[in-house]
Amino acid sequence: MGVTWVDHHLDVAGVRVHLRRAGPDRADGDPVIVLHDAGADTVDAPAWALVADALPVVQVLLPGVGRSTAPPPAADLAWVTGLLAEVVRRCGAEPAVLVGTSLGGWFAIETALAHPDAVARLVLCDTAGLHSPPGYLFGLFTDGQGQAGHDGLLGPLMDRHGAGRSPAALHGYAVDLTAAALGSWNPHAPDPGLLARARRLTTPTTILWGARDALIPLAHARALADAIGGEHGGAVVVCVPGAGHLLAVDAPEVVAGHVTGTVLRSPRCPSTPTA
């Protein structure tokens, strides 16, 4: 399941965007465009190697992450989506299969809304950005839930970044989080208007969600699907038993199957999901 990534750069919207390419020649299909999570933990996830066995893959490292240069001070979500739509066009993938994990899923939705001609299909993995009552996200670290938050989220992230051996190993992770936040916290995150805007989405959408996601409640999958539903055909929702927030790491075969269209059968989320 190894894959060789080839690094490229594009100069777009005043920044240099770091791209990673893998998979067969373009003659076998347009590339799948992959957007990572806020900490960039999914950049080397095994799911993308599986996708690259069948289709060309381009990973886009957000401005300030990896070797992508930092965004301008005035950058906001509209700036990010404009940049992503231009990257899709410059990669020759328009309209693209756009795959996003967590923060990347939010950016994928916003890109499809703002630039519908650039996106042919969405695959969203444990998407961030939805407004929620108190207790979501930062509630993991408040109200006596600090240990649960560490065990369910920070502990695994620290292990992956080698922080147990050297606290300095978290520096790159903190840099990536900060860069991602610049595009998502202006004007606010999560966004109370995202569900309302999602009702305008016309792009065919598959929503994948880890049943054991300790960061974003499973109920968000159904809320998002209900918002997308209606005259445009709605969204397919797939619940992945035993998986957490980073599906490309926890359930690579499921993610790859839905991206490439080779999946045979997956459990659907219940109508009223529970974590």
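For this structure, a couple of remarks:
- Accessible area of residue 110 (1.4 Å probe, protein heavy atoms only, ligands and nucleic acids ignored): about 20 Å².
- Rounded to the nearest 10 square angstrom, residue 102 shows an accessible area of 10 square angstrom against a 1.4 Å probe.
- Total formal charge among the other residues, if their Cβ is under 12 angstrom from that of residue 9, Lys/Arg +1 and Asp/Glu -1: +3
- Cubic angstrom per residue, convex hull over Cα atoms of segment 2-92: 87 Å³
- Using the Cβ-Cβ distance between residue 199 and residue 4 with R0 set to 51 Å, the FRET efficiency from 1/(1 + (r/R0)^6) comes to roughly 0.80.
- Exposure of residue 228 as accessible area (Å², to 10), given a probe of 1.4 Å and all protein chains: 0 Å²
The values are calculated or read from the model by the stated rules, or taken from the named source; none is laboratory data. Given the structure is predicted, the values throughout are model-derived calculations rather than measurements. Every residue, glycine among them, receives a Cβ derived from its backbone with ideal geometry; neighbour counts consider all protein chains shown. Surface areas here come from the heavy atoms of the whole protein model, side chains and all, with no ligands, DNA or RNA. Shrake-Rupley method; radii C 1.70, N 1.55, O 1.52, S 1.80 Å.
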